[in-house]
Amino acid sequence: MDNYVRIFDTTLRDGEQSPGASMTSSEKLEIARGLARLGVDIIEAGFPAASPDDLEAVRRIARQVGNTTDGYPPPIICGLARATRADIDKAWEAVSPAQRPRIHTFLATSDIHMRYKLRMERQEVLARAVEAVAYARQFCDDVEFSPEDAGRSDPEFLYLVLGEVIKAGATTLNIPDTVGYTTPDEFGALIAGIIHNTPGIENCIVSVHCHDDLGLATANTLAGLRAGARQAEVTINGIGERAGNTSLEEVVMALRTRAAVYGLTSGVDATQIARISKLVSNYTGIVVQPNKAIVGANAFAHEAGIHQDGMLKNYMTYEIMRPEDVGVNRSRLVLGKHSGRHAFKARLAEMGYTLNEADLNQAFERFKNLADKKKTITDADLEALVADELFQPEEVYTLEGLQVACGTMGMPTASVRLRGPDGTLHTRAAIGSGPVDATYKAMDAIIQAPNTLVEFSVHSVTEGIDALGEVTVRIQSKQPETRTDAQKEIENVRTFGGFGADTDIVVASAKAYLAALNKLIVANRAGEQTAELESPVTENSVSVSA
């Protein structure tokens, strides 16, 4: 279809390269299921050569999401590979179980990358690109090629490289603005030039992949689509390296809201956007800014009197889309303490949560406890409850008890009881500058995983004195030195996010911090590679930032 835009989601690959956004295999699988339910066409599930865990995560997604029978067609499952045979072998090993596998290989084509990073001449780059695509095509009929840093590449050299990789078997040509350098006019002209001047381009899909360093990622992507590209590479909430990637929700809703301008459509079920946004935020520990387009807490909020007056008369005065369009339900009273399991299960299903019997029982018990504390339970409360109960990392340590004393008459003190991995109970007390600080110091005394708290965010899910509170934390930990002096800082500092929810904000804070500590412990035990896939600059090693 000439007006159909394929949505290529790279949250699990490029998005995971955000500092602190690394996820476990089970977390990636849950997000991949959400992306399939969302209706994306392609899921770039990861970079299999990065680590054995990443390879296994991509393979699980290929097997379980790439062959789904849950009522929606299975998406294409894609694995990223540098332009080397070893990487391509691992990518194919990971994606081959999928019904529709894709190998995505890349090589830089800008003069600055070729000279300083690859240390290769143009003819060497051309030969390497052709060889990689031809090798990948031996395994897979669906091969994507990206000329990294295309936005700063010589267009004539781009036409040459792209024409040759088409001959070698590439079926999708992705044009990345890797460092977010171009403007919409420039990027649109680049795409138009590629479509007009590349031999064999009529047999390929042209894709766009933009970064947000100048805040132009969505604008550049839309400019590329208007110029003839028919695949958009995006991430949920716009997460990604540095300033992030093009936001899926922004592109999808721009095409939908301004259909008369673009004349383009996608297969995304927009009503699933809010849920997947929340899921990604909880798993990565990256909070969505309140004024974020489409999915921010204030995206559909109106405080100014003039705005409120207009909204009361006709919502179209100040809303160009409805919150329901993206899955934001404004229903207030949903369930209460007299509600039964069937009603609870049905409401969760309406919200997109399908739980097994054990998880349902666990969530329902938490719901009943919450209903005893709150008179009004909203969809937002239910989402926070499910997120806190089910979307937590592997529990090395579990919170068994917490008691705090604070106020103006004494020193803030916290007593914490944790159950360790061997089942042993550990109890410590500590004094801090406040109840949360004292709680964290007591937990540190038990777990002894040195770290620095770099972010602490707390907000209420709903209004009212009995509101459920959500806390998100991010911690940093030093790792053993394994790199040269010039690269130590990149690898040694790792960031982990944690999320917690409770009507008691100190308890929510403890849950969030413990979730982050558990991630740190699991990562250290597994000896995983750093989440930022920066690699030494050699001919056979190319940075993963396309």
Q: Scan Gly420, Gly434 and give me the residue that is surrounded by fewer than 16 Cβ atoms within 10 Å (Cβ to Cβ), in contact with a Cys (Cβ under 9 Å, 6 or more places away or on another chain) and at pLDDT 80 or above.
A: Gly434
Q. Of the residues Gly20, Gly39, Gly34, Gly79, which is surrounded by fewer than 24 Cβ atoms within 10 Å (Cβ to Cβ), closer than 17 Å to Gln231 by Cα and under 21 Å from the mean Cα position of the chain (by Cα)?
A. Gly39
Q) Going by the conditions given, is Tyr135 among the hydroxyl-bearing types (Ser, Thr, Tyr) and surrounded by fewer than 18 Cβ atoms within 10 Å (Cβ to Cβ)? A) no
Q) Taking segment 162-185 as the search range and keeping residues that are over 18 Å from Glu233 (Cα atoms) and charged (D, E, K, R), which one is surrounded by the fewest Cβ atoms within 10 Å (Cβ to Cβ)? A) Asp185
**Q.** Residues that are of a type in the set (A, V, I, L, M) and touching a Lys or Arg at 6+ places or on another chain (Cβ under 9 Å), drawn from segment 7-22
**A.** Leu12
**Q.** Residue among Leu453, Leu520, Leu514, Leu468 that is touching an Asp or Glu at 6+ places or on another chain (Cβ under 8 Å), modelled with pLDDT of 50 or more and over 29 Å from Cys210 (Cα atoms)
**A.** Leu468
Q. When both residues are 6+ apart or on different chains and their Cβ atoms are under 9 Å apart, which pairs have a first residue that lies in segment 327-347 and is at pLDDT below 70, and a second that is in a loop (DSSP other than H, G, I, E, B) and surrounded by fewer than 13 Cβ atoms within 10 Å (Cβ to Cβ)?
A. Leu333/Lys375; Gly336/Lys375; Lys337/Lys375
Q: Please find, among Ala192, Ala260, the residue that is free of Cβ contacts under 8 Å to residues at least 12 places away in the same chain and either surrounded by fewer than 20 Cβ atoms within 10 Å (Cβ to Cβ) or not in a helix (DSSP H, G or I) (or both).
A: Ala260
Q. Would you call Thr178 free of Cβ contacts under 8 Å to residues at least 60 places away in the same chain and either not assigned by TED's automatic domain parsing to the domain that holds Asp14 or not charged (D, E, K, R) (or both)?
A. no
(Q) So Ala223 passes all but one of these: (1) within 30 Å of Gln272 (Cβ to Cβ); (2) of a type in the set (A, V, I, L, M); (3) not in a helix (DSSP H, G or I). Which condition number does it fail? (A) (3)
Q) Before we move on, is Val179 outside any helix (DSSP H, G or I) and farther than 22 Å from Asp141 by Cβ? A) yes
Q: Spot the failing condition for Leu216; the list is (1) surrounded by 17 or more Cβ atoms within 10 Å (Cβ to Cβ); (2) touching a residue at least 40 places away in the same chain (Cβ under 8 Å), and only one is missed.
A: (2)
Q) Hey, any hits in segment 147-168 for a residue that's modelled with pLDDT of 95 or more and closer than 14 Å to Arg102 by Cα? A) no
**Q.** Checking Gln403 against (1) of a type outside the set (Gly, Ala, Ser); (2) modelled with pLDDT under 80; (3) surrounded by fewer than 18 Cβ atoms within 10 Å (Cβ to Cβ); (4) not in a loop (DSSP other than H, G, I, E, B), the condition it does not meet
**A.** (2)
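The values are calculated or read from the model by the stated rules, or taken from the named source; none is laboratory data. Note that the structure is a prediction, hence the values are computed from the model and not measured. We place every Cβ from the backbone using ideal geometry, glycine too, and count neighbours over all the protein chains shown.
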